[in-house]
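For reference, the structure discussed in these notes is given below.
The values are calculated or read from the model by the stated rules, or taken from the named source; none is laboratory data. This one's a predicted model, so the numbers in the text were calculated from it and none came from an experiment. Cβ coordinates were reconstructed from backbone atoms using ideal geometry, including for glycine residues, and neighbour counts include every protein chain displayed. These accessible areas exclude ligands, DNA and RNA; they are computed on the full protein's heavy atoms, side chains included. Shrake-Rupley method; radii C 1.70, N 1.55, O 1.52, S 1.80 Å.
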Amino acid sequence: CGNSTSSAPAAEDNSGLSDNPVYKKGLGLIAKSDCLTCHKVDEPLTGPKYRDVANKYGSYSDTIVAHLAKKIISGGTGVWGQIPMIPHPQIAQEDAEAMVKYILLLKK
């Protein structure tokens, strides 16, 4: 991937979340990464919409957060079709978990 031309995911539909420290931390980490090259909150790109991920996995539990964080780090294919999720081994487990928590807060 590369650098995204967008500076941050859209936050219009997330009223009340912008002051949440979990939301702010995850949003900041995602904005600094290459995630936005393939994902947006409500727009389909190469990867699934963040809102679709949140709706699929629901409220976060330690098990779901750890599982999805490992998928960010190691990559994979098959859950959302045959387009692979590239691995991100440079992202620490703690940071990947913060990103996942942000995404899961987007559930509608």
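At a glance:
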{"quantity": "Every pair of residues 6+ apart whose Cβ atoms lie under 6 Å, when the first sits in the stretch 71-89 and is touching a residue at least 60 places away in the same chain (Cβ under 8 Å) while the second is open to solvent by less than 70 Å² (accessible area, probe 1.4 Å)", "calculated": "86/75"}
{"quantity": "Pairs where the first residue, in the stretch 20-45, is touching a residue at least 24 places away in the same chain (Cβ under 8 Å) and the second is part of a helix (DSSP H, G or I) and open to solvent by 40 Å² or more (accessible area, probe 1.4 Å), C-beta under 7 Å, 6+ apart", "calculated": "22/101; 26/101; 29/95"}
{"quantity": "Leading residue by the ranking (farthest from residue 95 (Cα to Cα)) among those in the stretch 55-76 that are hydroxyl-bearing (Ser, Thr, Tyr) and at pLDDT 90 or above", "calculated": "57"}
